[in-house]
Amino acid sequence: MRLIAALLLTLVSIHAEGIPREEYRARRAELRRSLDGVMVLIGNRESDDLRQDYLQETNFLYLTGWKEPNAVLMLTRDEEILFLPPRDAHLELFMGRRIAPDDSDAAQRIGVDKVLSRSAMESTFLRLSATSEHVYTLPGQIEAEKLAALTPLHERSAAQPLISKLRMMKSPAEIELLTKASEATVAAHLAAWKMVKADEYEYEVAGAMMGAYRAHGCEGNAYSPIVGSGPNSIILHYSANRRRMDSGEVLLMDVGAECGDYASDVTRTVPVTGKFTPRQKEIYEVVLGAQKAAIAAIKPGMKIRGEKSLQQIAMDYINSHGKDLHGETLGKYFIHGLSHHVGLDVHDPSDPNATLKAGMVITIEPGIYIPEENIGVRIEDTVLVTENGSKNLSGALPREVSEIEKLVAK
Ligand SMILES: [Mn+2]
């Protein structure tokens, strides 16, 4: 009995910890139904850069869950074949044992229909492409281009729109991981706020945040942490994090955890000394108002950008609240997009013209950056679109001025 209970517990936790293998198969099955030809997807190679961990190409990861280098996937309506490099005993001394194409149980262990050696790629591609006239590839994948060049008369089609269409709609297992990543990110921001003070370096704050979400069971960063104080708060993708913070400045933290390969993307802007100046507070309230207006407008059918979109709602709010030092409206300081999809990638691929549907996960991140005043404020949450509106996955992290001033160390 006890053994069965332990086994059940393991099964449950496997499910809670990641994407079940059947889901990868279902994703491929759905994609394959939309194909009229051969899709060739190239997994990432090993990086020579020792500062970089191996990262699988995320479309490849989405469809296979396979995280080892130099794999290739071919899909048609009728077949799915994963190509792996042959066993390399010398390499395995350095990298550990890997599944190889001549392992009899390779396909079963990976969960795909068929595994072949990379040496069979050309002949298999020619066989698969003989029965149709389309080859689907991702941009910039040279190995796929070389294969496609073997069938010069075939029509070339883009793989990304077909995969993005699936990736935009999150499954319950994906939503669970995105929620976990967001909760760990909330904990990281709260941990950082407790230690923020003048004369500290930005990287100390970044380090505390990275430690906090790892302590919450998330394996790493969804992107390079952006911790920018004072003049750095106005630089959108500042990630050097080398400056010493001063009192009287704002500190912008755009930091998100990755959990089971899924990202969270959360930004808060706090006063270094625990109290905003009146002007900082003024700008902050405009950004917060814009964010609330946009989040309140999220529902299925809404658009992210364009006419009558979430972007428009945020921009209208910013342009109708507050002024710069010259009496002009603030919209010109909101210089980036309000929203993007979040998933395996922090900027998850999406169809820019798609309307929102329940099950999509997006950010809402208005910002105002005024170089002349060294004030940059961005407030960003990761939000699930629901049938009736939305659920803010990082909503447990306070946004109100009074709450932030209470929580940031004096
Ligand atoms: Mn973002």
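Summary table
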read-out: Cα centre as origin, Lys/Arg/Asp/Glu Cβ charges: the chain dipole, Debye; value: 660
read-out: Of all DSSP beta bridges in the chain, antiparallel share, percent nearest 5; value: 80
read-out: Summed side-chain charge close to residue 333 - residues other than residue 333 whose Cβ falls under 15 Å, Lys, Arg +1, Asp, Glu -1; value: -4
read-out: Point-charge dipole on Cβ atoms (K/R +1, D/E -1) for region 9-107, about Cα centre, debye to 20; value: 220
read-out: Tensor-based shape of region 172-407 (alpha-carbon gyration tensor, a/c under 1.5 rounded, otherwise prolate or oblate); value: oblate
read-out: Degrees between helix 202-215 axis and first principal axis of the chain (Cα, 0 to 90, nearest 10); value: 50
read-out: Cα point-scatterer Debye curve for the chain, base-10 log of I(q)/I(0) at q = 0.08 Å⁻¹; value: -0.51
read-out: Angle between the chain longest axis and helix 278-296 axis [Cα atoms, degrees, rounded to 10]; value: 40
read-out: At most 12 other Cβ within 10 Å, DSSP loop - trypsin sites (Lys or Arg not before Pro), region 176-249; value: 242
read-out: Cβ charges +1 (Lys, Arg) and -1 (Asp, Glu), total dipole of region 172-407, debye; value: 380
read-out: In region 223-348, lysine pairs closer than 29 Å at Cα, eight or more apart or cross-chain; value: 18
read-out: Gained length - residue 145 relative to residue 30, 0.36 nm times residue gap less alpha-carbon distance; value: 39.0 nm
read-out: Region 273-357: trypsin sites (Lys or Arg not before Pro) falling in loop per DSSP and having at most 10 other Cβ within 10 Å; value: 308
read-out: Principal-axis tilt of helix 310-319 within the chain, Cα atoms, nearest 10 degrees; value: 20
read-out: Choice from 199, 324, 88 showing the highest fluctuation, given a GNM over the chain with Cα pairs closer than 10 Å; value: 88
read-out: Potential lengthening between residue 67 and residue 55 on full extension [0.36 nm per residue; Cα-Cα distance subtracted]; value: 3.6 nm
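Quick note: the coordinates plus some simple rules give every number you see, no bench work behind them. Computed from a prediction, not measured in an experiment: that's the story for all the values here. Here the Cβ is made from the backbone with ideal geometry for all residues, glycine too, and neighbour counts use every protein chain on show.
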